[in-house]
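Remarks on the structure that follows.
The values are calculated or read from the model by the stated rules, or taken from the named source; none is laboratory data. Everything quoted here is computed from the prediction, not taken from an experiment. Here the Cβ is made from the backbone with ideal geometry for all residues, glycine too, and neighbour counts use every protein chain on show.
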Amino acid sequence: MVILTVGMILTNSLYGQDKPIPALSYQQMIGTGFATSWFKTEPPETSELPDSHLIQTMIDLRKAGFSNLRLRARADIYGFADVITDTGTEPTQHLDKATMERFLTELERVITIANNHGITPILSWIHHEAESRASAQDCENYVAWWSAVARHFRDFPQTLGFNLMTEIGIQGFGGLRVDPSLSNEWMRQAITAIRSTGDNNATRNLILTSPLKTEKGLKKLESDLFSRAHILAEWHRYASGPNQQGGSKDWHGDGSPEERRILLDAVSTARHFQQSTGIPTWLGAWMPWDNANASLDQQEIDAFATFFTTTLASHQIPWSMNELNAVYSIKDNQWRKRVRTGREHSLVINMEDVINAIEKGRKKGEKMASKDISTIGK
């Protein structure tokens, strides 16, 4: 049982801890925000920061109009059975349980501060090697991780959401990515484990992930997973940004009609899924620049950012941008002005212009929310 701190008591009074939030209401609560990598390392990136830095981060996000943080957490750095190094009859552990406790303690601190300052925290499991292997032990570890997390946070406000998988990885091109029935089964077991911990977890919003990563995979979700209340679904588009290599991420200039149609069709597919199943969706990661080859110039990046956010806002689909560290320094509590992007090639971009383009798109999309999809971007 979690002992409520003064911060938690404040959170409960602000958010109504014991009142379940309908999935559609939670979708709109998510709004727009950022993915983070704070919990993809051991120790977590935030662990050396005082509360004041995290509080100011949340204040700055809210002031800029953002309302969610996706807390991606690497499951392979905590104390569960290690599939790769196990050569004996019993699985071994590569880190002890104390590591998991440190993770949960720091996660509790961040989640509490986020909740107390109007930022919706969404905890997301990530372990691409396990997704690719997809062994029975990997599934057992996955459920054990969610069980430990759920037990710790079962009394926490309903504003905390659980994103059951960050994405279905393609490392090795095997496992969950090639067999959607496996990802469905993993999530099915996780849902059962989380719900069984009771208290607020009985009605906490849980977010499924598309078995094929994009909106095209939403139809691969098995109906029994979303035949219950308090379930949403996550999908991805442009998680590493648009590029100029042709295909499904192509973007030049202000975007040709064909290039714009890629996103319009994706949104249409996601909307159809929501309308036919009643399950709200969330776009969990996108990026307005080419993170690999830096193939877009500043004008193209800004144009894409505006079009993307216009499209999502006009259909009331929430999103998290990949990622916060690229646009904001939690150590300095400052929005970054210029950032070097790209891996194989690089480009310094004006991040202030990008944020302004995003805001322009959000406002335009909100005004267009009642219009037909064919008018978006015109």
Considering only helices (runs of 4 or more DSSP H) wholly within region 96-197, the ones with at least 2 residues that are within 23 Å of Lys219 (Cβ to Cβ) and touching a Cys at 6+ places or on another chain (Cβ under 9 Å) are 180-196
Which listed residue, of Gly217, Gly241, Gly253, is in a helix (DSSP H, G or I) and either small (Gly, Ala, Ser) or at positive phi (or both): Gly217
I want to confirm something. Restricting to region 46-69 and keeping residues that are without any contact (Cβ under 8 Å) to a residue 60 or more places away in the chain and assigned to a loop (DSSP other than H, G, I, E, B), which single residue is surrounded by the fewest Cβ atoms within 10 Å (Cβ to Cβ)? Pro50
Under 9 Å by Cβ, and 6 or more places apart or on different chains, what pairs join a residue from region 342-357 that is modelled with pLDDT under 95 with one that is not in a loop (DSSP other than H, G, I, E, B)? Ser346/Arg340; Leu347/Gln298; Leu347/Ile301; Leu347/Arg340; Leu347/Thr341
Consider Glu258 carefully, then state whether it is touching a Cys at 6+ places or on another chain (Cβ under 9 Å), part of a helix (DSSP H, G or I) and surrounded by fewer than 22 Cβ atoms within 10 Å (Cβ to Cβ). no
Name the single residue, out of those in region 310-368 being under 19 Å from Asn293 (Cα atoms) and of a type in the set (Val, Ile, Thr), that is surrounded by the fewest Cβ atoms within 10 Å (Cβ to Cβ). Val348
Of those in region 198-213 that are part of a helix (DSSP H, G or I) and not charged (D, E, K, R), the residue farthest from Ile122 (Cα to Cα) is Ala202
From Ser227, Ser268, residue being without any contact (Cβ under 8 Å) to a residue 24 or more places away in the chain and under 30 Å from Leu123 (Cβ atoms): Ser227
Does Arg70 meet the test of being among the basic types (Lys, Arg), under 19 Å from the mean Cα position of the chain (by Cα) and modelled with pLDDT of 95 or more? yes
Any chance Arg204 is more than 19 Å from the chain's Cα centre (by Cα) and touching a residue at least 40 places away in the same chain (Cβ under 8 Å): no
Only one residue in Ala305, Ala233, Ala285 is aliphatic (A, V, I, L, M), assigned to a helix (DSSP H, G or I), surrounded by 22 or more Cβ atoms within 10 Å (Cβ to Cβ) and on the phi < 0 side of the Ramachandran plot. Which one? Ala305
Which numbered condition Lys213 fails, given (1) in contact with a His (Cβ under 9 Å, 6 or more places away or on another chain); (2) modelled with pLDDT of 95 or more: (2)
Which of the residues spanning region 134-151 are in contact (Cβ under 8 Å) with a residue 40 or more places away in the chain, more than 16 Å from Ile207 (Cβ to Cβ) and among the small types (Gly, Ala, Ser)? Ala134, Ser135, Ala144, Ser147, Ala148
Please verify whether Thr197 is among the hydroxyl-bearing types (Ser, Thr, Tyr) and either closer than 27 Å to Arg271 by Cα or in contact with a Phe, Trp or Tyr (Cβ under 8 Å, 6 or more places away or on another chain) (or both), treating the condition exactly as stated. no
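Every residue, every condition in (1) in contact (Cβ under 8 Å) with a residue 60 or more places away in the chain; (2) touching a Phe, Trp or Tyr at 6+ places or on another chain (Cβ under 9 Å); (3) in a helix (DSSP H, G or I), yes or no:
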position	(1), (2), (3)
Leu263	no, yes, yes
Phe273	no, yes, yes
Leu296	no, yes, no
Thr311	yes, no, yes
Gln316	yes, no, no
Ala326	no, yes, yes
Glu359	yes, no, yes
Filter region 19-45 for residues that are aromatic (Phe, Trp, Tyr) and not in a strand (DSSP E or B) and give the result. Tyr26
